[in-house]
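Read through the structure below, which is laid out as structure tokens, and then see the notes.
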Amino acid sequence: MARARARTGLPVIAEPVVPLYRGDMEADLRVVARNRAAETITGGLSLTGKMPCPSWGISATRCRIGSVLAGQAGTVCSGCYALTGRYRFAAVQAKLEERYRGLFHPLWTPAMVFLVRYYCDRYFRLFDSGDLQGETHLRNIITVARHVPDVRFWLPTREYAVVRACAAELPENLTVRVSANRVDGEPPAWWPTTSTVVRTADAGGEVCPAPDQENRCGDCRACWDRCVASVAYRRH
């Protein structure tokens, strides 16, 4: 939005910055464990039929790069599933906006640690809708992952600059998949774990099997697996 205002000559409004968590994790975990504070701060987790685990996300309207791509034909974001169907319901958007606002709470990071520890067994997905809100947001997620080492995190993103800035800090249990921007486009060559969107199932490489198994992950965990270089998702 700030870039759009700059092009039209309107005043530039700075995007809010997610505060970097620097607190005492063990002490703060005791605070967020009381009276469902963790759910209140974060907006809670999603439990979808497709995923083998809980997930968390914000509105796709809050995507920084994605909001620009959504207006460009031929991009993955021009037909974003998170801007259609049930995601358009007022109650769903209100929940996603609640989660976005929670990012600015000083205890968001320990609240997420608490929820992942409580609800997750082995896997967790970030951004079933939405994307990173800057470097401090990713660094807070990195802190979450480090405090739940037995859970594997999958984070898809188009925020290339944010990933580059934090690349050296990523823990082994956090798989960041940098997404190609165009349908049938090549995956980014500069990052080891990527994803693409394709029109056909014979695109080569690891193709998501969900469309052939009632739109569920089933036994597949390729998205979380750092040994899988790229995953192709068939266009909805």
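At-a-glance table
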| read-out | value |
| --- | --- |
| Residue of 140, 173, 215 that the Gaussian network model of the chain assigns the largest fluctuation, springs spanning Cα pairs under 10 Å | 215 |
| Residue among 188, 211, 52 with the largest mean-square fluctuation in a Gaussian network model of the chain, springs linking Cα atoms under 10 Å | 211 |
| Debye-sum result for region 34-84 in log10 I(q)/I(0), which assumes one identical scatterer on each alpha carbon, at q = 0.19, 0.21 Å⁻¹ | -0.77, -0.85 |
| Approximate shape of region 161-236 as ellipsoid semi-axes (Cα gyration tensor, √5λ), whole Å, largest first | 23, 16, 9 |
| Dimensionless Rg over Rh [region 77-205; C-alpha; Kirkwood] | 0.97 |
| Gaussian network model of the chain, springs between alpha carbon atoms under 10 Å - residue of 64, 36, 146 with greatest fluctuation | 36 |
| Accessible area (Å², per residue) of region 20-126, counting only protein heavy atoms and a probe of 1.4 Å | 50 |
| Principal axis dimensions, largest first and in whole angstrom, of the chain by Cα | 51, 51, 38 |
| Karplus-derived 3J(HN,Hα), 6.51/-1.76/1.60, for each residue of region 154-171, Hz, glycine and proline x | 10, 10, x, 7, 10, 8, 4, 5, 5, 5, 4, 5, 10, 3, 6, 9, 5, x |
| Carbon and sulfur %, accessible surface of the chain computed with the full protein complex present, 1.4 Å | 53 |
| Principal axis dimensions, region 55-119 - Cα atoms, whole angstrom, descending | 40, 23, 19 |
| Potential lengthening between residue 90 and residue 165 on full extension [0.36 nm per residue; Cα-Cα distance subtracted] | 23.5 nm |
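The values are calculated or read from the model by the stated rules, or taken from the named source; none is laboratory data. Just so it is clear, the model here is predicted, and its values are computed rather than measured. Calculation scope for accessible area: heavy atoms of the full protein, side chains included, ligands and nucleic acids excluded. Shrake-Rupley method; radii C 1.70, N 1.55, O 1.52, S 1.80 Å.
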